[in-house]
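Working notes, beginning with the structure itself.
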Amino acid sequence: MSLGRPVPTGLAVALVAVALVPAALAVAGSAFVWLAVALDAAVLLLCAFDFLSAPRASDVEVRRGVEPVLSSGTANPVRLELDLAGQKPVRGRVRDEVPSGVEVRGHEQPFSLTPDAPRATLTYTLTPPARGDLRLGDVHLRLLGPLGLCARQVRVPLEQNVKVYPDLSALTREALALAVASDAPAERTLRRSAEGREFESLREYRTGDDYRTVDWKASARRGRTMVRVYQPERNQPVLLLLDCGRHMAGRVDGRRKLDHAVDAALRLAKVSLDAGDMVGVLAFASDVRAYLPPRKGHEHLRLLTESLYRAEAALEESDYGRAYDFAFARSSRRSLVVLFTDLVDPDASGTLLARTLALRPRHLPVVASLLDEDLQGAATRVPSSEQDAYARQAATRLEEDYQRTALTLRDAGALVVRAPAKGFGAAAVNTYLHVKARGIL
């Protein structure tokens, strides 16, 4: 490793400032000039001695501890472990190098190592704003000399690549069930678990049970009224289609539309896999970017996440026809097809309508799009200037185009989901639960 570069401390700067006093008095006599020169020279010599006496990079061992997979939008802990490699005490500051645009707290901290305490573990947090690959750089050490006048700045090569996935920490059945229950009446939530088309068990009749569920043969055998209990069918295919074209490159609530769609798709995948269904994913723009056929199991969720964490929105038109043809050339079984796209663009709505409606009645299509609250606000806000009036006219036209497209889809038997960014995932999950509870797939 190199010797590093010298970095004067605040104490050295203060001493140089003191030397400026006789320099300012030089007008009164030449003796002050020589005094200023002598003071400056002394400070420089002391700084040089301090730098040469400062610990070297070989006196400290540095390791970084970080998970190979981080979560976007959440604070992820990172550890810096420093060990004393010699016998002399070492003190200074450490700074980890993180990419720009990543929110970070505590990545620069002081440390002190002595023979009695030869190890220090420093922890900081970083919050990646989006999915993808993240490259952590080298670790920088500023090692103080014994006089505290000059430090040795050294670089420890610790470059490391980590993956950033969507935040999956909230994807538990309990958390999502609470989210669903909070949006639905209590009575409806209680009844929902008894609906479905797949027979589960028999139980004794209770007040309020549907007479159509009475099993008369079982009732005759047991001498009391028995009803059939049904549960949502399992092993049904759920195919998630993610539009990665230009329509999803815009930003809503500070993030790209595609980021919100990926988060919602993974939430829906987690709930579907928990329910025993098979989940597949297809990401597309002008061509197919990623495809995983429907499979079951919790290991499949990891594969789904792996296939989507690098998904980026391309500035090109999406080919819905190619995506549908690719997906259903490999499977003809009736499926719940959830398309995450943007219905606001009127140019793309025609093709999307034709190809999505062609799925009925063979499959059950669901079209999920984000509600841009800023756009909706512009469409209803009273304009205060000529520019606001033009903005309202444009926003109103886009809103009317969406309502027309959504109405056509609903009339043809498709389901339409539209929700703001914060409730987008929950809205998609609620639609899936409604489909399963009603047995309409």
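At-a-glance table
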quantity	calculated
FRET efficiency, Ser286 to Arg438 (Cβ-Cβ, R0 51 Å, nearest 0.05)	0.90
For segment 261-277, 3J(HN,Hα) per residue [Karplus equation, 6.51 cos²θ - 1.76 cosθ + 1.60, θ = phi - 60°, Hz, x = Gly/Pro]	5, 4, 4, 5, 5, 6, 4, 5, 4, 4, 5, 5, 5, 4, 7, x, 8
Mean accessible surface per residue for the chain, computed with a 1.4 Å probe while every protein chain stays in place, in Å²	52 Å²
The chain - share of DSSP beta bridges that are antiparallel (%, nearest 5)	70 percent
Under-5 Å amide H pairs with Met226, H placed in peptide plane, nonlocal only	Tyr205, Asp215, Ser219
Count of lysine pairs in the chain with Cα separation under 28 Å (8 or more residues apart, or interchain)	15
Amide N proximity, segment 269-295 versus Ala358 label position 7 Å along Cα-to-Cβ, cut-off under 18 Å	284-288
FRET efficiency, Ser331 to Arg135 (Cβ-Cβ, R0 35 Å, nearest 0.05)	0.40
Accessible area of the chain belonging to carbon and sulfur atoms, whole % at 1.4 Å probe	55 percent
Summed side-chain charge close to Arg119 - residues other than Arg119 whose Cβ falls under 10 Å, Lys, Arg +1, Asp, Glu -1	-3
Candidate values (1) 1.00; (2) 1.20; (3) 0.96, label of the one derived for Rg/Rh (Cα atoms, Kirkwood Rh)	(2)
Degrees separating the helix 173-183 axis from the principal Cα axis of the chain, which is the longest one	70 degrees
With Cα atoms, 0 to 90° folded angle of helix 10-24 axis to the chain main axis	40 degrees
Cα long-axis angle, helix 30-53 against the chain (0 to 90 degrees, to the nearest 10)	50 degrees
Unpaired by the 4.7 Å Cβ criterion, cysteines found in the chain	Cys244
Under 5 Å, built H, 5+ apart or other chain: amide partners of Arg289	Ala283, Phe284
Placed amide H near Gly280: partners under 5 Å, 5+ positions off or other chain	Val238, Leu239, Leu240, Arg295
Dipole magnitude (debye, nearest 20) for segment 100-156, charges at Cβ of Lys, Arg, Asp, Glu	80 debye
Highest to lowest packing among 273-279, 150-156, scored as the average C-beta count within 10 Å	150-156, 273-279
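The values are calculated or read from the model by the stated rules, or taken from the named source; none is laboratory data. Please read all numbers here as calculations on a predicted model, not as lab measurements. When we count neighbours, we look across all protein chains shown, and the Cβ atoms used for this are built from the backbone with ideal geometry, even at glycine. Keep in mind that these areas ignore ligands, DNA and RNA; they rest on the heavy atoms of the full protein, side chains included. Shrake-Rupley method; radii C 1.70, N 1.55, O 1.52, S 1.80 Å.
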